[in-house]
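**Q** I have a structure here, written as structure tokens, and I will follow up with some questions on it.
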Amino acid sequence: MGKKSFVVPVDKTGWKLQDGSGAVQFSWEYDSSREKLLNLYDKGKRRQWDAKVRIDWDLEIDHDNPLGSSDEMIPLFGSPIWSSLSQNDKVELRRHIVAWQFSQFLHGEQGALICASKIVQTVPELDAKYYAATQVFDEARHMEVYSTYLDKLGLAYPINLNLKSLLEDVLTDSRWDMTYLGMQVLIEGLALAAFGLIRNFTTNELGRTITAYVMQDEARHVAFGRNALKDFYPQLSSKERQEREEFAAEACLSMRDRFLSEEVWDTLGYDVAECVKWMKESPGQVQFRSFLFMRIVPILKDIGLWGPTIKESFEKMGVIGFADTNIDELMKDDEAQAEEFDRKRISQVEDAIDAAKTDPIVPGQH
Ligand SMILES: [Fe+2]
Ligand SMILES: [Fe+2]
């Protein structure tokens, strides 16, 4: 397998930041644990997997259309720029879109790895430290998966500046619950919705398989953040909850308005302002970006960050309708779909073994 080539050399994009926590907490309460979190920890242990074994890395990627997605899924589809592109330009655009998207997944996974390890240090309760430790390993595996995928694709992008600034806010805040809120609820909630589109609406087997497996783990991570915060937020004063609501409302707005793939348009030499205008105004794109909040909205409601600030903000964004989404059903489905990919893989391996047994021996080959 080759290696991915970054559109900007990585020695030009290094990143170090001061971790603002300074608040490492030990806990000696070895025996008082919440059953819900311990159940998740047990599940996390049982569901560990090896990306080298579980995924068939020999599955091909079609470099002309890596995810096997329809043209309608390309952000510029239908725009004047799209109509001016040649067949070759379209091939290049598809490849760059996937490289950009999966690169953000990769960098986001590294952010999740660092956040989960920070939670191990800063969260006061031992049951949460246990669980976060399993998440650390899950996130390392997700990085491995996306990095290997990008090697196969041969192309990668640096971290998007808006993702970077959100990660910086989450990582430099000294309040431990902000790491959960920013990472487990907002960033992972958004990622789950984006992953869901790939798993459900594209056709490339490798892309869909890795997404389904990562989603199986992410469903647990979001459940962890949700359970921990649901216990914690009622204990805060209304002023403290208000601060969290404002942070969440601001982060959601910026995630909606800022992730506009400018780096791709710039790298390909398109008119960036025109592309951004299209992304912001095209009804299809507006609808797509609303869909990304399908998981975040019901979770914020569930954990009790559901005052006037957040409700007004979601009403303005046109995503308040997701408030009653049945998040437990979605998570159950995430697990079931990953198991379905496992079953398919096992039956393919069994078929291959059966075929090898019944294949007539070709003279000269054995
Ligand atoms: Fe992850
Ligand atoms: Fe995660």
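The values are calculated or read from the model by the stated rules, or taken from the named source; none is laboratory data. Bear in mind the structure is a predicted one, so any value in this text is a computation, not a measurement. Cβ: placed from backbone, ideal geometry, glycine included. Neighbour counts: every protein chain shown.
**Q** Is it fair to say Gly304 is touching a residue at least 12 places away in the same chain (Cβ under 8 Å) and not in a helix (DSSP H, G or I)? If you could, list the steps in order and put the result at the bottom.
**A** Working: touching a residue at least 12 places away in the same chain (Cβ under 8 Å): yes; not in a helix (DSSP H, G or I): yes.
It is true that Gly304 is touching a residue at least 12 places away in the same chain (Cβ under 8 Å) and not in a helix (DSSP H, G or I).
**Q** Please specify each residue of the stretch 249-275 satisfying the condition of being in a helix (DSSP H, G or I), at pLDDT 90 or above, hydrophobic (A, V, I, L, M, F, W, C) and surrounded by 16 or more Cβ atoms within 10 Å (Cβ to Cβ).
**A** Ala249, Ala251, Cys252, Val264, Trp265, Val272, Cys275
**Q** Would a scan of the stretch 67-77 turn up a residue that is of a type in the set (Asp, Glu), within 16 Å of ligand 1 (Cβ to nearest atom) and within 29 Å of Leu161 (Cα to Cα)?
**A** No, because not a single residue in the stretch 67-77 is of a type in the set (Asp, Glu), within 16 Å of ligand 1 (Cβ to nearest atom) and within 29 Å of Leu161 (Cα to Cα).
**Q** Right, next: Determine whether the stretch 97-105 contains at least one residue that is among the aromatic types (Phe, Trp, Tyr) and more than 17 Å from Gln216 (Cα to Cα).
**A** There is at least one residue in the stretch 97-105 that is among the aromatic types (Phe, Trp, Tyr) and more than 17 Å from Gln216 (Cα to Cα).
**Q** List the residue pairs whose Cβ atoms are under 7 Å apart, where the first residue sits in the stretch 135-147 and is farther than 24 Å from Asp42 by Cβ, the second is near ligand 1 (Cβ under 10 Å from one of its atoms) and basic (Lys, Arg), and the two are 6 or more positions apart or on different chains.
**A** none
**Q** For the stretch 107-198, please list each of the helices (runs of 4 or more DSSP H) lying entirely inside it that holds at least 1 residues being within 10 Å of ligand 1 (Cβ to nearest atom) and either over 24 Å from Ile327 (Cβ atoms) or not charged (D, E, K, R) (or both).
**A** 126-153
**Q** List, please: which pairs have Cβ atoms under 7 Å, are six or more places apart or on different chains, and start with a residue in the stretch 37-52 that is surrounded by 13 or more Cβ atoms within 10 Å (Cβ to Cβ) and end with one that is basic (Lys, Arg) and part of a helix (DSSP H, G or I)?
**A** Cβ pairs passing all conditions: Leu40/Arg220; Lys43/Arg220; Gly44/Arg220; Ala51/Arg141.
**Q** Please go through the stretch 55-101 and give me each residue that is assigned to a loop (DSSP other than H, G, I, E, B), among the aromatic types (Phe, Trp, Tyr) and closer than 16 Å to Gln285 by Cβ, ordered by number.
**A** Selection gives Phe77 alone.
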